Amino acid sequence: MTGSVEEKSAGAGEAGHCGRDVRSDLHVAIEARDSGGLEITMQSRVAPYYGEPIVAQSRQVLDVLGIKHARVELRDEGALPFVISARIEAAARRAGLGLGRKASPEKLALPEPSPRDRLRRSRLYLPGSEPKYFINAALHGPDAIILDLEDSVHHAEKDAARILVRNTLRAVDFGKCERMVRINQLPMGLEDLAEIVPESPDLLLLPKAELPEQIAETDRMVGELKGRYGITRPIWLMPILESALGIENASAIVQASKNVVALTIGLEDYTADLGVAKTVEGRESWYARSRLVNTARALGVQAIDSVFGDVADMDGLRRWAESSRALGFGGMGCIHPGQIPVIHEAFAPSQAEIEKALKIVAAFEEAQQRGLGVVSLGSKMIDPPVVQRAQKLVELSKRTGKE
């Protein structure tokens with residue numbers, strides 16, 4: 001069995017995955033009973049070592065959910081405790097059991113709040129229904145990880161995925177990575193928020209943003225949940241523009257909430273909306289990407305580019321990322337860990353750029369000390385915009401560790 005079923009019948013439900021190619025997951029089948037207590041059976045390749053702890057945790061989770069009488073079948077594929085809890089809770093809910101209760105794992109200490117303007121060169125997408133990707137994601141060194149509840153999750157798995165993502169935010173240490181979650185479009189996204197916001201993600205990606213009202217409604221819900229759970233740290237927003245209407249409304253979308261810190265674009269949906277093919281050169285999206293960058297810069301938020309879909313074409317990725325930086329973007333998404341080093345290198349200033357910028361900044365500081373209003377470098381006069389650009393590049397080199 002490699003999939004899960006939403007609900008078998010009244011009082012019965014399944015969640016999770018098992019099978020030869022599945023790892024770090026648990027398939028759970030629960031059938032409610034009127035009496036007889038809990039009957040738990042388990043199959044696992046690690047049963048001699050971890051069988052008893054898994055069964056013991058399962059009993060604890062079922063007790064927290066208020067389930068006293070049920071037949072429970074477990075097929076373990078190396079699931080960690082936070083996954084076990086999530087899969088049992090999801091199966092129970094699908095069986096109509098434990099409603100209104102949560103079996104959340106112990107919560108790790110939260111990292112420092114994410115600064116509004118933090119470095120966002122790379123953000124690694126992780127399917128929210130696949131726990132095998134979560135544990136080692138931070139080892140690849142992306143600036144951010146995205147626990148995705150939208151396109152990468154089958155519609156029948158949305159409910160189980162949001163429970164798994166909730167537990168992941170509580171139990172997995174992502175190190176220095178910014179902790180992002182891509183929710184679903186409203187109104188389904190409101191269900192995601194109710195489960196996710198109490199765990200204080202750093203940033204929420206809002207897909208297929210077209211109207212400012214969508215951002216305002218999301219922001220209102222986030223604020224309400226933060227108040228309810230006593231959360232004072234910021235939860236930032238990054239709308240994803242994926243249609244012609246979204247691009248045309250970019251300015252209003254940014255201004256719909258003070259918590260918007262970045263804009264990004266989804267090129268697969270955008271080109272589909274235009275009815276054109278997506279190419280590696282990106283000519284068909286030049287207008288949209290340029291307009292997004294201009295809007296973001298004008299309103300003081302970051303401009304983040306789309307993903308590059310061909311994970312085997314590293315040369316193409318490098319060309320795209322370098323072109324993206326030249327256009328004014330500060331980063332892009334990635335769908336494979338191997339893309340991260342290429343993206344980081346492309347979005348960092350070159351040594352030649354750094355050396356030139358340092359000379360310009362030094363010449364400016366010397367002119368300031370001497371009370372001169374004109375800055376010169378050799379035989380060339382340096383205009384104020386050139387100095388400002390050099391200062392920004394030097395700052396970027398420090399933030400990327402290139403200086």
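The values are calculated or read from the model by the stated rules, or taken from the named source; none is laboratory data. Predicted model, so just to flag it, every value in this text is computed and none were measured. In this analysis, Cβ positions are derived from the backbone assuming ideal geometry, glycine residues included, and neighbour counts consider all displayed protein chains. The protein model used for the area step is the full one, side chains on, heavy atoms only, and it has no ligands, DNA or RNA in it. Shrake-Rupley method; radii C 1.70, N 1.55, O 1.52, S 1.80 Å.
Things to note:
- Taking 0.36 nm per residue of sequence separation and removing the Cα-Cα distance, the Glu365/Ala252 pair yields an extension gain of 36.8 nm.
- Counting only protein heavy atoms and a 1.4 Å probe, the chain has 46 square angstrom of accessible area per residue.
- Of all accessible heavy-atom area on the range 149-247, the percent that carbon and sulfur account for (1.4 Å): 55 percent
- The chain: relative contact order in percent, alpha carbon pairs under 8 Å with at least 6 residues between: 11 percent
- Accessible carbon and sulfur surface of the range 1-113 relative to its total accessible area, %, 1.4 Å: 49 percent
- Hydrophobic long helices, here whole DSSP H runs in the chain with Kyte-Doolittle means of at least 0.0 and Cα atoms spread over 15 Å or more along the helix axis, are found at 81-94.
- A helix-only calculation puts the chain at -12500 deg cm²/dmol for mean residue ellipticity at 222 nm, using -39500 (n - 2.57) for each DSSP H run of at least four residues, averaged over all residues.
- The range 212-254 versus the range 40-85: alpha-carbon centroid distance in Å: 38 Å
- Listed residues Gly309, Gly333, Gly246, most fluctuating in the chain (Gaussian network, C-alpha, under 10 Å): Gly309
- Both radii are taken from the alpha-carbon atoms of the range 249-336; with Rh as the Kirkwood radius, Rg/Rh is 0.97.
- Our summary of shape: the Cα atoms of the range 78-201 have principal axis extents of 44, 31, 23 Å, ordered from largest down, in whole angstrom.
- Charge dipole of the range 292-336 (Cα centre as origin; +1 on each Lys and Arg Cβ, -1 on each Asp and Glu Cβ, all else neutral): 220 debye, rounded to the nearest 20.
- Ellipsoid fit via the Cα gyration tensor, the range 86-129: semi-axes of 33, 15, 9 Å, each the root of five times an eigenvalue, largest first.
- Additional length obtainable on full extension of the chain from Arg389 to Lys102, 0.36 nm per residue less Cα span: 98.2 nm
- Rg/Rg_ref, the range 7-146, where Rg_ref = 2.2 N^0.38 Å and atoms are Cα: 1.20
- Qualifying lysines (Cα of each under 16 Å from Cα of Lys380; at least 8 residues distant if same chain): Lys356, Lys359
- Over the Cα atoms of the range 123-163, the radius of gyration divided by the Kirkwood radius equals 0.99; this is the Rg/Rh ratio.
- Efficiency of FRET between Lys398 and Arg45 - r from beta-carbon atoms, R0 56 angstrom, step 0.05: 0.70
- Across the chain, the convex hull enclosing all Cα atoms gives 166 Å³ per residue.
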